[in-house]
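Contents: one structure, followed by commentary.
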Amino acid sequence: MKISQIEKALKTDGKKERIRGWVYRIRKMSGKVFIVVRDVTGIMQCVVADEKLIPKAENITFESSLEVEGTVKKDERAPGGAEMQVTDIKVHQIAERFPITKDQSTEFLMDVRHLSLRKRDMTAILKIRSTALFALHEYIRSQGYYEVDPPMLSGAASEGGAEVFELDYFDTKAYLTQSWQFYAENLIHAVEKVYGMNPAFRAEKSNTNRHVTEFWMFEVEAAWADLEEMIKISEGCLCHVAKKILEKNKPELEVLGLDPKKLEKIKAPFPRITYKEAIEILHKNGSKIPYGVDFGAAEEKMLAADYEIPLIVTNYPSEIMAFYKKDNEEDPKVSNNFNMLAPNVGEILDSSEREPDIEKIKSKLKKAGKNLNEVDWYLDSRRYGSVPHAGFGLGVARMLQWMLERDHIRDVIPFPRFPNRVKP
Ligand code: 4AD
Ligand code: MG
């Protein structure tokens, strides 16, 4: 008999169905065995009452894999609103004693992540994550951007020296990419509007609820674009992600106990303030951070706390910005950049116009103590047909951490990597 997914089987009444999956719950009561089976679409209670099947059913353990067949009947009390009276069971494997029981520590659950990700909330998150990734591709392509894959191995530690993973590459050194930006700034001379969805690696020993050493970054770069354009495109991306999650993942939001109304509120334009205004707000709230210092998690969360959608903070002091960010024409002390700060998470997206002038960028590089030889190939983008351009990087996990109201970034990543964890 044809296999149905549980979601569909639950909708039938009085007919035979065959489903397959894993044992989500099993208990024996008054001569019957109640097996709750889960597949990717949901859970269904299957009641074994047939004497011939009972011995087989009694053998089945939590997380065993199986197929069950029987008549489905509507039943308000059953999970999903229907129940199966089982007439056939085919066991694929009787699971060994599952190591996860109730009330185990987070560290233990991370040790067995390959097993703990079977939990229903994690399944829901993985499905939403898939929707979100696809939505980002879909939206940015609709805006005329080309997907380009940058290398993950790089010959020079370009962005932040201390935070780069170094590895032996035959008889020389290579580095894991921290961002595709240097490649993108050259690619725009070929295809003008480019994007990538790539892993980024940071050898940071930050043990916080929003840092991982490996994360997926959605990066966008466009020739002829300015900050306004990047604000518009990045807002568009987040609004589209929210719209698609609402369209495709209402049941998953319910599993996670999330109110869809919150996602409905993600609409452009997002609120906007300058770094200077942000400092004033922080001071009013009792913070002592001096002007000219970059925000940490505490400041970012304080600023974002008044909003339900991300806050755009523009024009940070040039001095504390990366060398490639372009200074504001009217006030060169500030940069033409912005960060998006999301409630409870802080920075989720980092964007700027890039300095197109070779002399200006060289002088900034020198000031930052960078080795000009190492980035010489990158500077060719400024030597041969330099153009105004801008781009951004969005941390996919941080975006999801905010949208799905998770306390910790590990909750939205299947196999998160931290300074003290690269397994399983
Ligand atoms: O702010 P970052 O470091 O910016 C760049 O790398 C730029 N070159 C991007 C660009 O313009 N193409 O990183 C961008 C985003 C951050 O806003 C944050 O959301 C995320 O990447 N991010 C991290 N997410 C998780 N763990 C970490 N350790 C992260 N570091 C950055
Ligand atoms: Mg940043």
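Rule-based calculations on the coordinates, nothing more; no lab input. If you're wondering where the values come from, they're calculated on a predicted model, not measured in any experiment. Glycine gets a Cβ as well: all are built from the backbone with ideal geometry, and neighbour counts include every protein chain shown.
Between Val387 and Leu133, the C-beta separation translates, for a Förster distance of 35 Å, into a calculated FRET efficiency of about 0.75. With a cut-off of 15 Å between beta carbons, the residues surrounding Val148 carry a summed charge of -4, where Lys and Arg count +1 and Asp and Glu -1. Based on DSSP H segments of at least four residues, each scored -39500 (n - 2.57), the chain has a per-residue ellipticity at 222 nm of -9000 deg cm²/dmol.
The label-point distance for Arg25 and Val40, in a model that sets each label 7 Å from Cα toward Cβ, rounds to 2.5 nm. Note on the range 361-424: with charges restricted to the Cβ of Lys and Arg (+1) and Asp and Glu (-1), its dipole about the Cα centre is near 300 debye. The distance between label points at Lys2 and Glu405 comes to 4.0 nm (points 7 Å beyond Cα on the Cα→Cβ vector).
When the Debye formula is applied to the Cα atoms of the range 100-195, each taken as the same point scatterer, what base-10 log of I(q)/I(0) results at q = 0.16, 0.17, 0.25 Å⁻¹? Taking Cα atoms of the range 100-195 as identical point scatterers yields -0.93, -0.95, -1.12. Taking 0.692 mPa s as the viscosity and 37 °C as the temperature, the Stokes-Einstein diffusion coefficient of the range 1-147 based on its alpha-carbon Kirkwood radius rounds to 192 µm²/s. Name the residues of the range 322-351 whose amide N is less than 19 Å from a point 7 angstrom out from the Cα of Glu163 along the C-beta direction? Residues 322-326, 335-342, 345-351 qualify, since their backbone N sits under 19 Å from the label point. According to the calculation over all Cα-Cα pairs in the range 173-324, the P(r) per 5 Å bin from zero is 1, 7, 12, 14, 19, 20, 15, 8, 3, 0, 0 %.
Restriction of the GluC sites (Glu not before Pro) in the range 359-424 to DSSP coil positions whose beta-carbon has at most 14 other beta-carbons within 10 angstrom yields Glu374. Considered as an equivalent ellipsoid built on the Cα gyration tensor, the chain has semi-axes of 50, 23, 20 Å, the largest given first.
Charges were assigned to the Cβ only: +1 to each Lys and Arg, -1 to each Asp and Glu. The resulting dipole of the chain about its Cα centre is roughly 1820 debye.
When each of the peptides 259-270, 98-109 is scored by the mean number of other C-beta atoms lying within 10 Å of its residues, the order from highest to lowest reads 259-270, 98-109.
Relative intensity of the range 309-370 on a log10 scale, I(q)/I(0) at q = 0.22 Å⁻¹, equals -0.84, per a Debye sum over C-alpha point scatterers of equal strength in the absence of solvent.
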